[in-house]
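Taking it in order: structure first as structure tokens, then the write-up.
Each reported figure results from applying straightforward, stated rules to the coordinates on display, with no laboratory input. From a predicted model like this one, the values you see are computed outputs, not experimental measurements. Here the Cβ positions follow ideal geometry from the backbone for every residue, glycine too, while neighbour counts run over all protein chains shown.
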């Protein structure tokens with residue numbers, strides 16, 4: 001992210017019901033359904049965030065986000081140290097994956113990264129606007145190798161038959177995410193930020209959820225405010241809550257906030273909160 005300037009402080013305001021009036025529309029997606037007996041309302045959505053301090057200026061004036069240099073330096077330092085410290089664990093996990101299932105150790109996939117277009121009002125560097133700079137994400141493989149014809153991009157589910165026994169353990173403790181420290185060093189991601197989505201799913205969600213694309217105004221992350229507060233996405237209601245958390249994070253962007261989220265990620269991993 002380029003250098004920016006913080007907007008003048010304004011009094012915090014809660015978003016009105018009209019700001020998220022589209023949240024009461026029925027779900028129309030093939031990516032999963034939440035509890036059929038529960039209809040998500042705007043009030044439910046507001047309550048989904050712990051304090052719901054997403055300010056109006058935070059949503060409308062994100063262009064005045066603080067400089068990224070300190071946050072970036074923190075991420076690079078943590079990623080470098082993390083790779084060195086976790087090297088023995090990485091070797092053990094890699095060997096275990098190779099011995100217990102057929103296929104590559106590392107899983108790669110295209111994801112949507114930071115969007116630079118919004119700062120200059122658009123650019124023609126990319127032939128089409130996919131929401132951000134595409135990049136390849138690295139993870140430990142937790143599923144069986146896809147068969148020919150299995151090209152559809154869909155969310156995994158808790159009882160997904162594609163997840164291997166070892167993969168289930170890695171996902172519960174989020175150990176499959178460790179290789180993304182390399183993405184941090186490459187500049188694709190920060191340690192903390194909104195989770196990057198697959199291009200096809202991103203295209204759908206951007207059409208269905210207000211302000212979804214604004215979460216791309218910062219580098220995506222391995223962990224984030226949404227990840228320590230809720231489970232993996234299984235339906236649109238989950239994504240709507242995640243977007244609220246992500247925009248709350250963007251509104252109060254700082255290195256101190258990143259450090260706090262990093263520290264809170266440790267118990268999330270150890271006690272399997274939010275993973276499956």
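Highest mean first, how do 209-218, 167-176 rank when packing is the count of other Cβ atoms within 10 Å averaged over residues?
Values: 209-218: 21.1, 167-176: 19.0.
Highest to lowest by the protection proxy: 209-218, 167-176.
For q values of 0.18, 0.19 Å⁻¹, compute log₁₀ I(q)/I(0) with the Debye formula on a Cα-only model of region 167-276, without solvent.
Those come out to -0.93, -1.04, one per q.
Given labels modelled 7 Å from the Cα in the Cβ direction, how far is it in nm from residue 86 to residue 259?
Distance between label points: 2.1 nm.
What is the order of 86, 75, fewest Cβ neighbours within 10 Å to most?
Ranking 86, 75 by Cβ neighbours within 10 Å, fewest first, gives 86, 75.
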